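Structure, as structure tokens:
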Amino acid sequence: MTHPVMQQGRGTAPVLDVDPYDDAVLEQPHAMYAAVREAGPVAYLSRYGVHVMGRHRDIMPVLKDWETYSSTGGSGLGDIRKPGAWRPGSPIVEVDPPRHTQVRTVLQRILSPGLLRQWREGFEKAADELVQRLVERGEFDGVDDLSEAYVSQTFPDALGLKDSPERRRNLFLLGELNFDGQGPRNARFEATQKRADEIWDWYLDSMKREAMVPGGFGEKIFQAADAGEIDHETAPLLVRSFLRGGLDSTTSTISAALWYLAKDPAQWRALKADPSKVRTAFDEAMRLETPIQNVCRQTMREVEIDGVTVPDDSKILILLGSANRDPDQWERPDEFDLTRSTFGHLALGTGVHMCIGQMVARMEGEAVLKAVTSRVASLELAGEPTRALNNNLRSLKTLPLKATAA
Ligand code: HEM
């Protein structure tokens, strides 16, 4: 594939005519990422009127400098400050300090290491029971039967969202909408929005205090509002941010880890030989898959990135998925390798907005991979996996697996 690059004047960003939201690119984005990296530290994406970055070494400092690269323009391509935005901004991911610091501090206190310790045993037991049942069946789908089934039960239960027959389906639909909404208003987004219209009342109700089961961390968010630590209007929006951000990303990573292990017997044997590598397996899958493929920032002044000028108030599409496979940063970037140090991958972002739920995600991921490693002797693909195409979420739709009991 060739990618037309038009050089402009010295110091201005080269113009790149690629479409990150094209089906074929979403299926296999890595050639497009290479083109963005080769174009320069920052390029201009003519189709969408935004700047774009793909090199690891240039992205790192941008994500760490919230004063220059603000989150207030929104996590997606659209500018949520402009009239007509399809949803209000998130009170955590789409605000800057000091407002961000205040909300994040409260959430960090709620999601304390003590609370996570209380969840660990339940998370591990649920994973072990589920994996045991699936191994008895022999063949199963790694997405539908395992990662989605597991995360859609453990995470909303921990949040304290009332269970119902439609909960799982509705939550994944909301996730799909959230991540499609971070791209352009294309046919994919419109179709998801149409489907989501049908569950909008359920969605609005599920952010309310009444939908929270006592004892979950959702209830604690409303209690923080009672205590005056955050505004009353902020509490349901925070629950919404958790519902939208915590489910699909974790599911995608678990599915990816299972896929890489099932297609590479040497890596599977390495994990069996040293089960303490479950954390590396989870992080390596996160690096390669990068479930949230990109985040956006807005320049607060004219800036120069590695010699290229970007005007004030420009939206920059930051390709985390590209940084995580940048050959200048990673040796053999496309290989799943349990011996590598995954330190510095950007799948969880970095800087003040670095994922606040990463310990929860890791606990879920490690629980599943631990159960699989101990209960399964051989893990293989039982067919070709398929992808679910989304404007920003990279994930598998199906993952046919065959497992024998250990
Ligand atoms: C493997 C799974 C996950 C991945 C790959 C992931 C990825 C990310 C990324 C890239 C960001 C930074 C966004 C930015 O800089 O604009 C982020 C922030 C965030 N994540 Fe996650 N996430 C995961 C799991 C979770 C879970 C389980 C939760 C909830 C418990 C969660 C809640 C959040 C929240 C609330 C933020 C906003 C933090 C802030 O702005 O300070 N995430 N996540």
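For each of Ser252, Ser378, count neighbouring Cβ atoms within 10 Å of the residue's Cβ, then give the residues from fewest to most. Intermediate results must be reported in sequence, preceding the final value.
Numbers: Ser252 28, Ser378 14.
Ordered from fewest to most neighbouring Cβ atoms within 10 Å, Ser252, Ser378 come out as Ser378, Ser252.
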For Gln108 and Gln153, compute 0.36 nm times the residue count separating them, minus their Cα-Cα distance, and round to one decimal in nm. 13.9 nm
Got a sec? How would Val135, Val15 order by Cβ neighbour count within 10 Å, fewest to most? Val15, Val135
log₁₀ of I(q)/I(0) at q = 0.09, 0.11, 0.13 Å⁻¹ - the chain, Debye sum with one point per alpha carbon: -0.54, -0.82, -1.15
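Are there GluC sites (Glu not before Pro) in the stretch 138-203 that DSSP marks as loop and that have at most 11 other Cβ atoms within 10 Å, and which are they?
Sparse-neighbourhood loop GluC sites (Glu not before Pro): Glu166, Glu198.
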What is the fewest-to-most order of Thr192, Thr251, Thr398 by other Cβ atoms lying within 10 Å of their Cβ? Thr398, Thr192, Thr251
Can you give me the relative contact order of the chain as a percent, contacts being Cα pairs under 8 Å and 6 or more apart? 25
Along the charge dipole of the chain, which of Thr105, Ile356, Thr72 sits closest to the positive end, that is, farthest toward it, with unit charges on the beta carbon of Lys, Arg, Asp and Glu (+1, +1, -1, -1)? Thr105
Which whole-angstrom value gives the distance between the alpha carbon centres of the stretch 291-352 and the stretch 158-212? 28
Mind listing the Cα extents of the stretch 26-140 along all three principal axes, in Å, largest one first? 52, 40, 33
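Filter the GluC sites (Glu not before Pro) in the stretch 297-376 to those in DSSP coil with at most 16 other Cβ atoms within 10 Å of their Cβ, and list the result. It would help to have the intermediate numbers written out before the result.
Values: sites: Glu302, Glu304, Glu331, Glu335, Glu364, Glu366; in loops: Glu302, Glu331, Glu335.
In loop regions of the stretch 297-376 (DSSP not H, G, I, E or B), the sparsely surrounded GluC sites (Glu not before Pro) are Glu302, Glu331, Glu335.
Suppose every K and R has +1 on its Cβ and every D and E has -1 on its Cβ; what is the size of the dipole of the chain about the Cα centre, in Debye to the nearest 20? Before the final figure, lay out each step's value.
Values: 49 positive and 59 negative charges, 92 e Å.
The calculated dipole for the chain is roughly 440 debye.
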Test of the criteria: in the stretch 207-262, which GluC sites (Glu not before Pro) are in a DSSP loop and have at most 10 other Cβ atoms within 10 angstrom of their Cβ? Glu233
Near-label residues of the stretch 128-169 by backbone N, under 14 Å of a point 7 Å along Cα→Cβ of Ala405: 129-139
Neighbourhood charge, 15 Å Cβ-Cβ cut-off, centred on Gly160 and excluding it, Lys, Arg +1 and Asp, Glu -1: +1
Given the rule -39500 (n - 2.57) for each run of at least 4 DSSP H residues, summed and divided by the residues of the chain, what is its mean residue ellipticity at 222 nm, to the nearest 500 deg cm²/dmol? -14000 deg cm²/dmol
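None of the figures in this text is laboratory data; all of them are computed from the coordinates on show. None of these values were measured; they are calculated from a predicted model. Ideal geometry is used to build each Cβ from the backbone, glycine not excepted, and the neighbour counts take in all protein chains shown.
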